[in-house]
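Visitor: Below is a structure I'd like to ask you about.
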Ligand code: BT5
């Protein structure tokens with residue numbers, strides 16, 4: 001994968017969106033410092049130091065069929081990252097629907113996908129991910145929700161360049177199969193790590209609160225929530 005390393009940027013996703021037409025499919029853009037990192041719904045992603053990862057992967061569909069699987073790329077990336085954390089760092093990551101990656105119940109990575117259009121048609125995706133590699137416990141304490149880093153879990157520093165190389169290799173390795181088959185290709189791997197399944201949960205869907213038992217994930221990656229004996233399907237939202 002082609003990589004672009006920036007010293008400082010407001011947001012690697014913004015950089016990718018702004019330069020989408022010049023950037024090739026499968027270009028990785030990462031920054032040493034990110035001054036206005038974003039999460040979903042205008043939430044913020046905190047820059048906790050240069051030895052952490054702020055990355056955006058530029059992806060462009062080859063045909064109409066591929067476009068239909070683009071919405072699940074955030075879940076694909078959450079599975080890829082989880083596999084890497086297990087294989088290389090002997091960690092036991094969990095996925096929180098739709099795509100947060102947690103360790104011991106604390107967030108280690110967040111993912112934000114943003115699409116761009118050209119002439120009214122879908123053109124390319126900025127698939128952003130922030131991973132806390134080396135954040136210290138002092139800095140983690142400044143985040144408003146429980147958060148962790150790989151360093152905080154294993155007590156050893158993580159080399160960012162090596163981590164990035166391994167993450168991108170893994171991402172590329174299974175990409176073609178995933179983009180051809182969609183969520184069913186990763187469904188098993190996603191469910192194995194889905195800590196919310198079988199639990200009583202509360203979700204926030206654009207300000208609306210719903211409660212129930214998470215009974216499954218559909219073939220489209222949506223959440224199945226059993227509320228008062230009715231199974232309801234949610235495409236978007238947050239587990240709170
Ligand atoms: C996300 O949003 O988790 C997606 C974050 C994506 C960040 C990457 S970095 C590279 C690329 N460029 C960008 O501008 N963004 C992407 P969301 O699910 O909305 O979660 C945001 C929430 O996570 C915040 O409101 C905090 O509670 C929490 N948070 C913020 N910074 C954090 C950090 N460093 N570690 C753990 N949790 C954090």
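Visitor: Compare 136, 27, 117 in a GNM of the chain, Cα atoms joined below 10 Å, and give the one with the largest fluctuation.
Guide: Its mean-square fluctuation being the largest, the pick is 117.
Visitor: Can you tell me, using C-alpha contacts under 8 Å and at least 6 residues apart, the relative contact order of the chain as a whole percent? Before the final figure, lay out each step's value.
Guide: Working: 473 pairs, mean separation 40.2, N = 240.
Result for the chain is 17 percent.
Visitor: Further, regarding this structure: Going 7 Å from the Cα of residue 67 in the Cα-to-Cβ direction, what parts of region 102-122 have a backbone nitrogen less than 15 Å from that spot?
Guide: 115-122
Visitor: Please work out the Cα center distance from region 56-111 to region 1-49, rounded to the nearest Å.
Guide: 17
Visitor: Using the count of nearby Cβ atoms within 10 Å as a rough guide to exposure, how do 51, 144 rank from fewest to most? Show your work: numbers first, answer last.
Guide: Numbers: 51 17, 144 8.
Lowest count first: 144, 51.
Visitor: Can you give the Kirkwood hydrodynamic radius for the chain, in Å, rounded to one decimal and based on Cα pairs? Kindly include the intermediate steps, with their values, before the conclusion.
Guide: Numbers: mean 1/r = 0.0546 Å⁻¹.
It is 18.3 Å.
Visitor: Which of the three applies to region 43-93, rounded, prolate or oblate, going by the alpha-carbon gyration tensor with a ≥ b ≥ c and a/c under 1.5 meaning rounded?
Guide: Numbers: a/c = 2.65, a/b = 1.48, b/c = 1.78.
Oblate.
Visitor: Could you identify which residue out of 57, 162, 203 has the top mean-square fluctuation in a GNM of the chain using Cα springs shorter than 10 Å?
Guide: 162
Visitor: Next question. Let me know the whole percent of all Cα-Cα pairs from region 189-240 that are separated by more than 16 Å. Display every interim value, and only then the final one.
Guide: Details: 426 of 1326 pairs.
Everything past 16 Å amounts to 32 percent.
We did not get these values from a lab; they are worked out from the coordinates using the rules stated. Predicted, not measured: the structure shown is a model, and the values here were computed from it. So basically every Cβ, Gly included, is an ideal-geometry build from the backbone, and we count neighbours across all protein chains shown.
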